[in-house]
Amino acid sequence: MSTTIITRHEVVNGSHLLELSCGKQSASFWIAPWYVQVRNNNASHRVWGGMGKRFENLDAALSNYKSREMQAMIRAAMAAIQ
């Protein structure tokens, strides 16, 4: 299992912007009080994924992704905003 690295963490008006990487994957998270936006930063997603996926919360995002790397990044984001 690869190490998860938080490359950026900003708080903007009570919302968190995080950029994380794990192995060969990277993702951006916008965590607002009322929703979570997840954008996988791979080439395929940039072409077809647009603005990413929107979820109610990080638990919903965690249950949506199957890859160990994405799950590790979501868990790291959960820990970072605590």
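Please give me the summed charge of the neighbours of ALA60: other residues whose Cβ is under 10 Å from its Cβ, Lys and Arg +1, Asp and Glu -1.
Around ALA60, the surrounding residues sum to 0.
As a check on your grasp of the helix formula, calculate [θ] at 222 nm for the chain: sum -39500 (n - 2.57) over DSSP H runs of n ≥ 4, divide by the residue count, round to the nearest 500.
The helix-only estimate for the chain comes to -9000 deg cm²/dmol at 222 nm.
May I ask you to sort PHE29, PHE55 by Cβ crowding, counting other Cβ atoms within 10 Å and putting the fewest first?
PHE55, PHE29
Excluding the sites themselves, what is the longest stretch of the chain that contains no trypsin sites (Lys or Arg not before Pro) in a DSSP loop with at most 10 other C-beta atoms within 10 Å?
25-65
Under a point spin-label approximation (7 Å from Cα along Cα-to-Cβ), what is the ASN57-GLU10 distance to one decimal in nm?
2.7 nm
Bear in mind these aren't lab numbers, they're just calculated from the coordinates by the rules spelled out. Model, not experiment: these values are computed from the prediction. All Cβ positions, even for glycine, are placed from backbone atoms using ideal geometry, and neighbour counts span all protein chains on display.
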